[in-house]
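Encoded as structure tokens, the structure appears first; notes follow it.
The values are calculated or read from the model by the stated rules, or taken from the named source; none is laboratory data. Given the structure is predicted, the values throughout are model-derived calculations rather than measurements. Please note: Cβ atoms are built from the backbone with ideal geometry, for glycine as well, and neighbour counts cover all protein chains shown. With ligands, DNA and RNA removed, areas are computed over all heavy atoms of the protein, side chains included. Shrake-Rupley method; radii C 1.70, N 1.55, O 1.52, S 1.80 Å.
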Amino acid sequence: MTTEFTGQRPQTANLEDPLYYLSNMDTIVSWVADHHADLLTDRERNRLSAFANLGTGPRALLTRMVMRSGELFRADKLRYPELPVPEADALKLLVQEGWLDNSPELSLDDLFRLFTLAELRPVFGGWLQQQGHPKTLGKAQMRELLAEPFSEPRPLRDWMPDDGEAAQVVQLQDMALFDRIRLMFFGNLRQSWTDFVLVELGVQQFEPVPFTPESRAFQHRSEVDCYLQMHQCRERLDKGEPAADVWPDVPGPVDNPWLTSRRDRLLLELGRQAERQGEQELALQVWAASGHREARLKQLRLLERMKRFDDAWAIACQWQTTQLSDAEAQGLGRLLKRLAPKVGADKPEPVDNPPLREFTLTLPRPDTGTVELAAVQHLSTEAAPVVYVENTLINALFGLLCWPVIFKPIPGAFFHPFHIGPADLTREDFVARRAQAFEERFGLLKTHAYKQHIRDTFRNKQGIANPFVFWPVLDEALLELALHCIPAHHLESLFRRLLHNIKEHRSGFPDLIRFVPEAEQPEQRYEMIEVKGPGDRLQDHQIRWLQFFARQGIPASVCYVRWDDDEASV
DNA sequence: CATATTTCAG
DNA sequence: TTCACACACTCGC
DNA sequence: GAGTGTGTGTCTCTGAAATATGTC
Ligand SMILES: [Mn+2]
Ligand SMILES: [Mn+2]
């Protein structure tokens, strides 16, 4: 049986093939070798071709190990009856060919991951007893006590000299290469070999978007390196390594907008940790280097707290002259208001924000369930049903109407069969590259044809992944209510604002929507309601949507809930 | 011995 | 191994 | 009011096996 991919796209292997995982691995390896060879070093190319030339048994066993977690394995825990050769033979060959190291140095942590408590007790029991510790320690406590005196890594034989038949431990030698090809294939490190299986099981369905074999996530090796290096930095931060130690290893500015925004996010997080670790100057420096909105605001707030008002004022004024998103304008506005008196400048003109409709409900405290559900319970009637939809409804209507635009086969947007959405969805030029196509979909909103398009898409694309459609919360009844009650020109307003900044505007919608199908005024057939429990308050992006609703005449309000047994707040 | 958590497989 | 949201705590006015 | 940090549900599914941990 051939394991080559057939045709234009990588294929998922049938699960009745006991070596289905090997078939999938071969598919990825040959796809990368065919389409990304110029992004590989000579050594990497040779390694991949050596892999392809391994016998079925060793290749399958190596693949199993690559798919499992970690790089260290006990030979006695590798049991795969589907292999055509004994595991021991396959292992021996993999060691010979340099894919595995059969006597790796093991740290104490490695040892504790590889062996069970019962296996470790005989090894360290004596030593621990000599130190006066009880013999019944748990694994974590044992490791804690041993960490200091046994900090030196050593081979397994030196850890367990008494155990004549101690299990063999092997270490995978080229995990970095397998991660690299996975990254080049998927364009991210979040997806993996398991995507093939989930598709085959039918758990996940993807829109089949045609793409040319030249389509790929990376054009230059330096981009792959940059991605991998930033990923490492992120992992080190997550592990708790000091920001000052990680900062020197963050790649410098790049001219690729996608990698730039990933770098901006990394620097935002690095700055947060720096500040938490008391490194204020480092935080300022890192945030200054990040183009992320939140990084800029944090830089300014920190300067403010350090009483460097003139520095902050200068940066803020400079920033204000650029094109600001709603969120930026909101955050910057608050800062300027506070900074102005400190530097003796005139108070900035107050923005006149539209008033928001508000009302208060006093409800019995529910013994179970959230405040939103309590509000639904109270507000929902036969004639005016209320549904808890948050972001899902408007996003879904948009995703269904604009389905063909979202999955338009634009160069570079799709490059493997497992895309939830186009790779450039949150990039600056996403809409510009599809402007005409979006206008055509919006044109449908003026013709009443849109309802049928949305219904048809709902039925035809059922279950297929779409970045805007969360299928489990949608049903025919909800869809029909929404189509009946929300006027087309309201939908157009909502969708246009959504498109104006997808990343910032796809969330922040009110919790509830109330439908009043029989209302006479077509524009009064629904209302969106944000529920706020005691102690909760509107978030910035919720406020921005609510203000937008108010300006557009879209019915919305804020419902403040009080519990009727709560004396204090009466 | 019962229960929670982690890992793996498909 | 993220994202969106609620909730809890702090500070200065 | 504003900023910050934390917890929670959810993330792409389901079931089984291994093992850590707590209680008796
Ligand atoms: Mn909510
Ligand atoms: Mn709410």
With a ≥ b ≥ c from the Cα gyration tensor eigenvalues, square-rooted, and the rule rounded for a/c under 1.5, otherwise prolate when a/b > b/c and oblate otherwise, segment A:509-570 is oblate
Heavy-atom accessible area ranking, 1.4 Å probe, most first, across A:564, A:26 | A:564, A:26
Segment A:366-475: trypsin sites (Lys or Arg not before Pro) in DSSP loop, at most 13 other beta carbons within 10 Å = A:446
Average accessible surface area per residue within chain A, 1.4 Å rolling probe, Å² | 50 Å²
Environment charge at residue A:72 (Cβ cut-off 12 Å; Lys +1, Arg +1, Asp -1, Glu -1) = -1
Segment A:229-239 - phi-based ³J(HN,Hα) in whole Hz, Karplus 6.51/-1.76/1.60, Gly and Pro as x = 5, 5, 4, 4, 4, 4, 5, 5, 4, 4, 6
Cα-centre dipole for segment A:266-341 with unit charges at Cβ (Lys and Arg positive, Asp and Glu negative), debye to 20 | 260 debye
Low-density loop GluC sites (Glu not before Pro), segment A:1-89, at most 14 other Cβ within 10 Å, DSSP non-H/G/I/E/B, are A:4, A:16, A:82
For segment A:504-537, run through the GluC sites (Glu not before Pro) and keep only the ones in DSSP coil with at most 16 other Cβ atoms within 10 Å of their Cβ.
-> A:518, A:520
Can you grab the distance from the C-alpha centre of segment A:217-275 to the C-alpha centre of segment A:308-337, Å, no decimals?
-> 26 Å
Counting Lys +1, Arg +1, Asp -1, Glu -1, what net charge surrounds residue A:556 among other residues with beta carbon under 14 Å of its beta carbon?
-> +1
If you look at just the Cα atoms of chain A, how large are its Rg and its Dmax in Å?
-> 29.2, 87
Residue A:462 versus residue A:503, label points 7 Å from Cα toward the beta carbon: distance in nm?
-> 3.7 nm
Which whole-number percent is the relative contact order of segment A:217-343 (Cα, under 8 Å, 6+ apart)?
-> 17 percent
Of all the accessible heavy-atom surface of segment A:213-292, with the other protein chains kept in place and a 1.4 Å probe, what percent is carbon and sulfur?
-> 46 percent
Could you tell me what percent of the DSSP beta bridges with both partners in segment A:457-570 are antiparallel, to the nearest 5?
-> 50 percent
With a 1.4 angstrom probe the carbon and sulfur portion of accessible area for segment A:20-186, in percent, totals 46 percent
Normalised by the residues of chain A, what does the relative contact order come to in percent, with Cα pairs under 8 Å and at least six apart?
-> 13 percent
Would you mind computing, in nm to one decimal, how far apart the modelled labels at residue A:349 and residue A:194 are, each placed 7 Å from Cα along Cα→Cβ?
-> 5.4 nm
Here the residues of segment A:539-560 lying in the modelled label zone of residue A:378, meaning backbone nitrogen under 17 Å from a point 7 Å along Cα-to-Cβ, are A:557-560
Sorting A:237, A:196, A:21 by the position of each Cα along the dipole of chain A (Lys, Arg +1; Asp, Glu -1; all at Cβ), the one nearest the positive end of that ordering is A:237
Could you tell me what percent of the accessible area of segment A:358-569 is made up of carbon and sulfur, with a 1.4 Å probe and every protein chain present?
-> 50 percent
Grab the beta carbon distance between residue A:496 and residue A:204, set R0 = 35 Å, and tell me the FRET efficiency rounded to 0.05.
-> 0.70
Considering only DSSP beta bridges whose two residues both sit in chain A, what percent are antiparallel, to the nearest 5?
-> 55 percent
Per-residue ³J(HN,Hα) for segment A:508-525, Karplus 6.51 cos²θ - 1.76 cosθ + 1.60, θ = phi - 60°, Hz, x for Gly and Pro | x, 6, x, 4, 10, 10, 10, 9, 10, x, 8, 4, 6, 5, x, 8, 10, 8
